[in-house]
Structures are given as structure tokens and as C-alpha cells.
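> Before anything else, here's the structure in question.
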Amino acid sequence: MAGTVFFSVSMSLDGYIAPASADELMGRQWMQLQQWVFRQKHFRENLQLGTGGEEGPDNDLVRATFERTGASVMGRRMFDAGEAMWPEEPPFHTPVFVVTHAPREPWVRAGGTTFFFVTDGIESAVEQARAAADARDVRIAGGADTIVQALNAGFVDEFHLAVSPVLFGTGVRLFDRIDAARIGIEQVSAESSPLTTHLRYRVRVGEPTR
């Protein structure tokens with residue numbers, strides 16, 4: 001079975017990880033939020049965005065995140081947005097389990113990515129991802145509702161936030177509907193880089209934040 005279940009996302013200073021509408025993805029605010037990661041060599045190579053890119057601690061973090069991931073879980077909203085934007089060879093290179101209400105046959109893509117559509121909830125999706133990941137980790141890729149479902153169910157062991165210096169004002173908040181009475185977090189590290197601040201936390205289910 002897989003080791004750690006984690007998530008790793010970029011977040012605005014006011015707590016948003018995405019615009020309110022999928023039509024606004026790739027818009028000005030979202031690009032400012034993700035500016036740090038789009039500059040990294042490994043990210044650019046993985047999304048087939050061309051040659052070049054920065055190398056250094058941020059690039060090492062991006063590479064390590066992809067390399068540790070043996071399977072991913074995501075919500076249908078994130079999948080629908082990505083289906084229109086990902087290249088023919090999506091950046092996952094692993095099984096991806098999509099939490100949805102709409103049945104669909106597995107979608108096999110180039111580069112080792114297969115999307116499986118799970119209609120019986122987050123617990124089933126995480127269990128299937130654990131089995132598929134073998135000894136590697138499971139990433140809860142998003143969006144916010146799927147991350148919160150996984151947190152509230154006690155599946156998430158740790159997470160990483162890249163907090164970027166941008167304000168959204170409105171959009172999709174990361175921690176809406178979190179069960180704060182039973183989810184505790186412990187800060188593991190904080191590291192700054194030119195365009196973001198990396199915060200890492202460990203999750204303690206049943207131990208609320210003090």
C-alpha cells in the first residue's frame with residue numbers, strides 16, 4: 001500500500017486557490033498565483049511548455065512532488081478544466097482517480113496517465129489510489145472541495161502551500177467547510193523564494209488547532 005497522502009497547491013494571500021469560474025483559468029490573477037511554478041524547468045518540461053526554465057530549490061520541489069506521486073485523486077471540476085487544457089500527454093504519468101457522479105470508462109492517455117472515474121465517493125477513490133500507487137505516495141490534486149473532503153475524512157497526512165503575493169478577493173477558497181473541530185495542523189517548515197513562500201504542515205486528525 002502507498003505511504004503518505006498529501007496535497008500541494010498554490011494559494012493567494014486571502015486564501016483562494018482558483019478563480020470562481022473555470023473560464024478565468026489562465027487569467028491575470030491565476031497566472032500571478034502560479035507564476036512561481038510556471039518558471040520552473042521541470043514543470044515546463046512536464047507540461048510540454050517548451051525548453052528553458054529555472055533550476056534551483058523551487059525546481060527541486062516541483063520535481064520531488066511529481067517523483068513521489070504514484071497516483072492522484074481529483075474532483076470532476078478540476079478534471080473538466082484540465083481535459084480542455086492538458087497536452088495529449090498529461091503531466092501525471094500515473095493513474096488518476098476522478099471523484100464524480102457521472103460514470104465513464106477509463107480514459108487512457110499517452111505517457112502512462114489513465115483517468116479512472118469513481119462514482120462511490122472520496123473514500124473509494126483514495127483506497128483505489130493507494131492500491132495503484134504501491135509504495136509511492138498519493139496526491140490529492142484538487143480542487144478545493146476534493147481536498148477538504150479528504151481532510152475531513154482523515155486521509156491527508158501532510159500538505160504544502162505555496163502562498164503567492166496576490167489577492168483574489170473572490171473565487172474558490174481552499175478551506176471552506178473544513179471540520180476545524182477535529183482537524184489539527186502542525187507547521188513543519190517555512191521557506192521563502194522570490195515569488196512565493198513554501199509552507200509545509202503535518203495533519204493530526206482528532207486534534208484541533210490550538
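The values are calculated or read from the model by the stated rules, or taken from the named source; none is laboratory data. What you see is a predicted model, and the numbers here were worked out from it, not measured in a lab. A quick note on method: Cβ atoms are made from the backbone with ideal geometry, for glycine too, and the neighbour counts reach across all protein chains shown. Heavy atoms of the whole protein, side chains included, go into the accessibility calculation; ligands, DNA and RNA do not. Shrake-Rupley method; radii C 1.70, N 1.55, O 1.52, S 1.80 Å.
> Can Thr114 be described as in contact with a Pro (Cβ under 7 Å, 6 or more places away or on another chain), open to solvent by less than 50 Å² (accessible area, probe 1.4 Å) and more than 26 Å from Glu24 (Cβ to Cβ)?
Judged against the criteria, Thr114 is a match.
> Out of all the residues in segment 175-198, which are more than 20 Å from Thr146 (Cβ to Cβ) and open to solvent by less than 60 Å² (accessible area, probe 1.4 Å)? Quick ask: steps written out before the conclusion?
Of the residues in segment 175-198, the ones more than 20 Å from Thr146 (Cβ to Cβ) are 181, 184, 186-198.
Across segment 175-198, the qualifying residues are Gly184, Ser189, Ser193, Leu195, Thr196, Thr197, His198.
> Identify all residues within segment 149-188 that are hydroxyl-bearing (Ser, Thr, Tyr) and assigned to a strand (DSSP E or B); write none if there are none.
Matches in segment 149-188: Ser164 only.
> Take the residues of segment 142-169 that are under 19 Å from Val96 (Cβ atoms) and aromatic (Phe, Trp, Tyr): which is most open to solvent (accessible area, probe 1.4 Å)?
Phe155
> Of everything in segment 106-127, what is more than 23 Å from Ala22 (Cα to Cα) and not in a loop (DSSP other than H, G, I, E, B)? Give them in sequence order.
Val108, Ala110, Gly111, Gly112, Glu123, Ser124, Ala125, Val126, Glu127
> Among Arg130, Arg139, which is open to solvent by less than 60 Å² (accessible area, probe 1.4 Å), in contact (Cβ under 8 Å) with a residue 24 or more places away in the chain, part of a helix (DSSP H, G or I) and charged (D, E, K, R)? Show your work before the answer.
Working: Arg139 fails: part of a helix (DSSP H, G or I).
Residue meeting the stated conditions: Arg130.
> While we're on this one: Looking at (1) within 14 Å of the chain's Cα centre (by Cα); (2) open to solvent by less than 60 Å² (accessible area, probe 1.4 Å); (3) closer than 28 Å to Arg39 by Cβ, find the lone condition where Tyr201 falls short.
Answer for Tyr201: the failing condition is (1).
> Right, another one. Please pick out the residue among Ala150, Ala141, Ala110, Ala135 that is more than 20 Å from Gly206 (Cα to Cα) and in contact with a strand residue (DSSP E or B) (Cβ under 7 Å, 6 or more places away or on another chain). Before the answer, list the steps.
On the way: Ala150 fails: more than 20 Å from Gly206 (Cα to Cα); Ala110 fails: in contact with a strand residue (DSSP E or B) (Cβ under 7 Å, 6 or more places away or on another chain); Ala135 fails: in contact with a strand residue (DSSP E or B) (Cβ under 7 Å, 6 or more places away or on another chain).
So the residue among Ala150, Ala141, Ala110, Ala135 that is more than 20 Å from Gly206 (Cα to Cα) and in contact with a strand residue (DSSP E or B) (Cβ under 7 Å, 6 or more places away or on another chain) is Ala141.
> Looking at this structure, is Val172 touching a helix residue (DSSP H, G or I) at 6+ places or on another chain (Cβ under 9 Å), open to solvent by 20 Å² or more (accessible area, probe 1.4 Å) and in contact (Cβ under 8 Å) with a residue 24 or more places away in the chain?
Details: touching a helix residue (DSSP H, G or I) at 6+ places or on another chain (Cβ under 9 Å): yes; open to solvent by 20 Å² or more (accessible area, probe 1.4 Å): yes; in contact (Cβ under 8 Å) with a residue 24 or more places away in the chain: yes.
Judged against the criteria, Val172 is a match.
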